[in-house]
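K.L.:
Structure in structure tokens, see below.
Every read-out reported here was derived from the displayed coordinates using simple, explicitly stated rules and does not represent laboratory data. Small disclaimer: the values here were computed from a predicted structure and weren't measured. Note that we place each Cβ from the backbone using ideal geometry, even for glycine, and neighbour counts take in every protein chain shown.
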Amino acid sequence: MRAKTRILHAYKVFYPDVFGGIPHVIDIVSRLAPSKFEQAILVTSNRASSKQVHNGVVVERVRSLGNLMSLPIAPFYPFLLWLRARKADVLMMHAPFPLADLVAGLFLQRRQKLVIYWHSHIVSQKLIYWLIKPLIRKSLQRADCIIISHP
């Protein structure tokens, strides 16, 4: 019997810290075909770090000290994402999320597949966008597959 494909979803926030939108998509996608896929979710939270099970999927939260221009201030998130991604077959990055771009673009091993689900463009943080654009481009170039939510 073939082992399940291990998928790690990476994003900023998840239930119960926020509802709707991207967390809803992650919730649906992470529960697909449980007989074929073993999925987990890594996010940040303003609460203490924790691990819980949500609808049969392990959700790990990394402590964030707050937000700066919609970006969590979670210094340990990139390191934890790198550690967890090493055990996954596929890193499913829900973008835009520069902390995940840091790992995906610079430190993800070639054997690991990278799928980027691009949910929206960076609109209101134009100043920071120009600073992180090279990192985002590197992640997109490294991706094995890019899924966009709309034209």
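K.L.:
With Cβ to Cβ distances under 9 Å as the rule, what net charge do the other residues near GLY105 carry (K, R +1; D, E -1)? Please report the intermediate quantities before stating the final value.
P.N.:
Numbers: positive: ARG137, LYS138, ARG142; negative: ASP101.
Residues close to GLY105 contribute a combined charge of +2.
K.L.:
Testing the spin-label approximation: label points 7 Å from Cα along Cα→Cβ at PHE19 and SER120. State their distance in nm.
P.N.:
Here the answer is 1.8 nm between the modelled labels.
K.L.:
Also, I was wondering about something else. So what's the back-of-envelope 222 nm ellipticity for the chain, counting only DSSP H runs of four-plus at -39500 (n - 2.57) apiece and dividing by all residues, rounded to 500? Don't jump to the answer; show the numbers that get you there.
P.N.:
Numbers: 4 runs with 45 residues, N = 151.
Taken over the chain, the calculation gives -9000 deg cm²/dmol.
K.L.:
Testing the spin-label approximation: label points 7 Å from Cα along Cα→Cβ at GLN52 and GLN109. State their distance in nm.
P.N.:
Using points 7 Å along Cα→Cβ, the separation is 3.2 nm.
K.L.:
Using the Cβ atoms and a cut-off under 14 Å, what net charge is assigned to the surroundings of LEU83, where Lys and Arg are +1 and Asp and Glu are -1?
P.N.:
Numbers: positive: ARG6, LYS51, ARG84, ARG86, LYS87; negative: GLU60.
Charge balance near LEU83 sits at +4.
K.L.:
Using P(r) over Cα pairs in 10 Å bins from 0, in percent as the read-out, say which of (1) 11, 44, 37, 7, 1, 0; (2) 11, 39, 31, 13, 5, 1, 0; (3) 11, 32, 30, 18, 8, 1 was calculated from these coordinates.
P.N.:
(1)
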